[in-house]
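Working notes for the structure below.
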Amino acid sequence: MFTSEIGIVEEWLSEFKTLPETSLPNYATNLKDKSSLVSSLYKVIQEPQSELLEPVCHQLFEFYRSGEEQLLRFTLQFLPELIWCYLAVSASRNVHSSGCIEALLLGVYNLEIVDKQGHSKVLSFTIPSLSKPSVYHEPSSIGSMALTESALSQHGLSKVVYSGPHPQREMLTAQNRFEVLTFLLLCYNAALTYMPSVSLQSLCQICSRICVCGYPRQHVRKYKGVSNRIPISSGFMVQMLTGVYFALYNGEWDLAQRALDDIIYRAQLELYPEPLLVANAIKASLPHGAMKSSKEGTRCIQVEITPTSSRISRNAVTSMSIRGHRWKRHGKNSSHLSISGSFTILSAVVVLELVTLGNSTIVAWERKC
């Protein structure tokens, strides 16, 4: 680190200690604009032997438990880098040099598993029913499946997935390591929309590194430093994919696509079905052509939805069209007669059209003979 970067970090450490509590909201608002401070803190975290690492981790934890939302998010943005540094040190079996990082990760975990009253949290998620429309699908396009889902939903059989309660941890071991890290990455993903681009870049880079270290692809990626294989769980990989998927459409196309390929590579080696399913689904939904630039800002996922503007179909049935249709049928009956004078039905096609007129829906039937 340069002397100027060390000075920025030391000033930040001393400034918060002397800050009055009434100035905390204003301080938190201005903190996110200090890009030089953020880059300096990343360099401190990336150097396990740095003397500033311990006070930096302590202050980041103070931010997290301060109760100020913006200070909490400021700490969260460094979470991917902290996880990588901990795993890299653990893989090298030099556990003592990661003591402050482990303490910070444990502190954040133990704060997140309880509510403000100190009771254990139980997270729940209701799986959406395919019988109800969304921006991703229309039930009518699914066919018979929509009827089955609709029948189930009417009987209150919606599936709810629960997570928790999670036990408190006093230290990270090989048995509970990825249970804690997976939950921490879940907390990070819950705040993805607030994360700056530098944090998304860090997430994509550490996903690639974790997945390829110790494998032949590490030489292809030209990653140096850690050469040992880092054990990884299936649930942790699914959480990595959540962040990578968000980064794909929010300014980090190149890094996120590389991370996605590396996650698929590692999931195939480990034969993990869950990350393989999610990763291949993400890859199948990607646009065929690459984005023009990875720095064009926030992107969105393009989907087709039912238009909300009022429109009238050309084939809308009105009283005038019915009278005209009857006149045509009675006036041109001879065209429907066969040579022997008997009626021959040439064709009968019933067309059902849903015509949206304001807030009402008109079902138009047109019989063509």
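Amide H contacts for V114 (H built 1.01 Å from N in the peptide plane; partners 5 or more residues away or on another chain; cut-off under 5 Å): K121.
Across segment 35-52, coupling constants 3J(HN,Hα) worked out from phi with the 6.51/-1.76/1.60 Karplus curve, θ = phi - 60°, read 5, 5, 5, 4, 5, 5, 5, 4, 5, 5, 5, 6, 10, x, 8, 5, 6, 7 Hz, and Gly and Pro carry x. In plain terms, the chain from H119 to D254 could stretch by 44.4 nm, reckoned as 0.36 nm per residue minus the Cα-Cα distance. Distance check, please: which entries in K34/K222; K17/K43; K159/K283; K17/K121 exceed 29 angstrom between their Cα atoms? Where the Cα-Cα span goes over 29 Å, the pairs concerned are K34/K222; K17/K121. When Rg and the Kirkwood Rh are both derived from Cα coordinates, the Rg/Rh ratio for segment 33-103 amounts to 0.97. Once each part is reduced to its C-alpha centroid, what is the distance from segment 172-243 to segment 3-45 in angstrom? The distance from the Cα centre of segment 172-243 to that of segment 3-45 comes to 26 Å. Residues T242, T18, sorted by accessible area with the largest first, give T18, T242 [1.4 Å probe; ligands and nucleic acids excluded].
Annotation for S4 and T29: the two label points, set 7 Å from Cα along the Cα-Cβ direction, are 2.9 nm apart.
The values are calculated or read from the model by the stated rules, or taken from the named source; none is laboratory data. Just so you know, these numbers come straight off a predicted model, no measurement behind them. Positions of Cβ are backbone-derived with ideal geometry, glycine not excepted, and every protein chain shown enters the neighbour counts. Areas reflect the complete protein model, heavy atoms only, side chains present, ligands, DNA and RNA absent. Shrake-Rupley method; radii C 1.70, N 1.55, O 1.52, S 1.80 Å.
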